[in-house]
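The values are calculated or read from the model by the stated rules, or taken from the named source; none is laboratory data. Because the structure is predicted, anything quoted here is derived from the model rather than measured. Here the Cβ is made from the backbone with ideal geometry for all residues, glycine too, and neighbour counts use every protein chain on show. When the accessible area is computed, the model is the full protein with side chains, heavy atoms only, and any ligands, DNA or RNA have been set aside. Shrake-Rupley method; radii C 1.70, N 1.55, O 1.52, S 1.80 Å.
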Amino acid sequence: MKFFVDTADVDEIRELNEMGLLDGVTTNPSLIMKAGRDIMEVTKEICAIVDGPVSAEVTATDYDGMMSQAAVLAGIANNICIKLPLTMDGLKACKALTSDGHKTNVTLCFSANQALLAAKAGATFISPFIGRIDDMAVDGMELIAEIRKIYDNYGFTTEILAASIRSVNHVKDAALIGADVATVPPATLKALVKHPLTDKGLDAFLADWAKTGQEIG
Ligand code: E4P
């Protein structure tokens with residue numbers, strides 16, 4: 001499973017990238033707002049830090065507007081992935097951009113049929129929003145399972161990018177189902193390493209080691 005980090009905070013991205021954990025980055029207009037930075041400037045900086053795809057989202061809602069914004073965003077760096085909303089115009093733009101050789105991420109996916117359409121439009125990634133579905137008291141993970149089954153039935157190569165992840169269990173369950181990618185907030189990505197028995201075990205080993213009086217090297 002590939003790990004993308006879901007943020008536009010360059011300090012967090014740099015830290016996680018240095019750990020060798022990052023395969024890409026996803027941003028959206030809300031994350032750009034949270035970062036408080038100019039979209040062009042911050043996205044360029046992110047693209048220089050991470051080798052993998054960096055999703056940058058269009059804000060136009062009509063096909064022509066999406067295509068002209070996509071051209072601007074694609075000019076930022078070679079690893080830009082154009083993020084488009086799952087609408088008629090978004091799918092049309094996805095088809096055109098994919099045919100032109102761009103990477104595309106179709107976002108705001110809340111149903112298996114929407115994911116089927118995105119795959120038919122040639123999307124590089126489909127982003128089903130697990131957490132926001134859970135918020136409606138419906139199991140978001142079920143959607144990941146449905147999309148996995150449909151894509152496998154027909155051999156679609158669109159990668160399932162589990163998005164709107166809120167917990168470490170979301171990451172584990174998406175991996176068990178076979179999502180290709182998880183885009184994870186920085187804090188959740190760091191929480192994946194934590195286990196109280198690891199800390200307890202390490203403390204015990206270090207205490208016993210001190211009693212031996214030995215040093216390595
Ligand atoms: C990423 O591509 C999505 O925009 C993001 O995961 C949405 O997460 P949220 O539902 O926590 O805003």
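State which residue is nearest to A77 (Cα to Cα) when the search covers only segment 23-43 and only residues that are assigned to a loop (DSSP other than H, G, I, E, B) and without any contact (Cβ under 8 Å) to a residue 24 or more places away in the chain. Full working, then the answer.
Taking segment 23-43 and keeping what is assigned to a loop (DSSP other than H, G, I, E, B), we get 23, 27-28, 36-38.
After this cut, where a residue has to be without any contact (Cβ under 8 Å) to a residue 24 or more places away in the chain as well, the list is 36, 38.
Values: G36: 21, D38: 16 Å.
Only one residue fits best here, namely D38.
Give me the residue from segment 45-73 that is among the charged types (D, E, K, R) and under 23 Å from A187 (Cα atoms) and, out of that set, surrounded by the fewest Cβ atoms within 10 Å (Cβ to Cβ). My answer is D51.
Being in contact with a Pro (Cβ under 9 Å, 6 or more places away or on another chain), more than 10 Å from the ligand (Cβ to nearest atom) and not polar (S, T, N, Q) is true for just one of I126, I144, I150, I165. Which residue is that? Let's see the steps before the verdict.
Details: I126 fails: in contact with a Pro (Cβ under 9 Å, 6 or more places away or on another chain); I150 fails: in contact with a Pro (Cβ under 9 Å, 6 or more places away or on another chain); I165 fails: more than 10 Å from the ligand (Cβ to nearest atom).
That would be I144, the only listed residue that is in contact with a Pro (Cβ under 9 Å, 6 or more places away or on another chain), more than 10 Å from the ligand (Cβ to nearest atom) and not polar (S, T, N, Q).
Go through segment 96-105 and give me each residue that's over 11 Å from M67 (Cα atoms) and either crowded, with 17+ Cβ neighbours inside 10 Å or in contact (Cβ under 8 Å) with a residue 12 or more places away in the chain (or both). Residues satisfying the conditions are T98, S99, H102, K103, T104, N105.
For segment 150-165, indicate whether the set of residues that are open to solvent by 20 Å² or more (accessible area, probe 1.4 Å), touching a residue at least 12 places away in the same chain (Cβ under 8 Å) and small (G, A, S) is non-empty. No, there is no match, as no residue in segment 150-165 is open to solvent by 20 Å² or more (accessible area, probe 1.4 Å), touching a residue at least 12 places away in the same chain (Cβ under 8 Å) and small (G, A, S).
Just one residue in the set D199, D203, D180 is touching a residue at least 60 places away in the same chain (Cβ under 8 Å), among the charged types (D, E, K, R) and away from the ligand (no atom under 12 Å from the Cβ); that residue is D180. Within segment 1-22, the residues that satisfy the criterion of being outside any helix (DSSP H, G or I) and within 15 Å of the ligand (Cβ to nearest atom) are K2, F3, F4, V5, D6, T7, A8, D9, L22. Picking from A210, A175, which residue would you name as being farther than 22 Å from V54 by Cα, of a type in the set (G, A, S) and assigned to a helix (DSSP H, G or I)? Unique residue meeting the criteria: A210.
Against the list (1) in contact with a strand residue (DSSP E or B) (Cβ under 8 Å, 6 or more places away or on another chain); (2) open to solvent by 20 Å² or more (accessible area, probe 1.4 Å); (3) among the hydrophobic types (A, V, I, L, M, F, W, C), the condition V168 fails is (1).
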